[in-house]
Amino acid sequence: MRERKLTISSKNITTKQWTNLILELNLIKEAWRPYAKLELQASGIKKIISFGRKTGDDKETRRTSKLMGKN
């Protein structure tokens, strides 16, 4: 099968909008995994995706560990 390429560029996008766009494109990539191998390329994409996938679970463990240290 032939490789196809799509380029998205924007001049007037805020950092928050850019982050949300990257995260949404990553969700699309995950949903399309059974049908096609999609690749995303952008500067700092790994950091954006790893930060965007965090849940609130890490915050609770930090709080409990701080409380435990004081006792």
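The values are calculated or read from the model by the stated rules, or taken from the named source; none is laboratory data. Please read all numbers here as calculations on a predicted model, not as lab measurements. We place every Cβ from the backbone using ideal geometry, glycine too, and count neighbours over all the protein chains shown.
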Check the stretch 54-62 and report whether any residue there is out of contact with any helix residue (DSSP H, G or I) (no Cβ under 7 Å at 6 or more places or on another chain) and at pLDDT 75 or above.
yes
Quick test of your reading of the structure: L40 fulfils all but one of (1) part of a helix (DSSP H, G or I); (2) in contact with a helix residue (DSSP H, G or I) (Cβ under 7 Å, 6 or more places away or on another chain). Name the failing condition by number.
(1)
From the residues in the stretch 31-54 that are under 11 Å from the mean Cα position of the chain (by Cα) and among the charged types (D, E, K, R), which one is farthest from M1 (Cα to Cα)?
K54
Selected residue [of a type in the set (K, R) and at pLDDT below 85] from K70, K5, K47:
K70
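Would you be able to tell me the number of residues in the stretch 29-53 that are aromatic (F, W, Y) and surrounded by 11 or more Cβ atoms within 10 Å (Cβ to Cβ)?
Within the stretch 29-53, residues that are aromatic (F, W, Y) and surrounded by 11 or more Cβ atoms within 10 Å (Cβ to Cβ) number 2.
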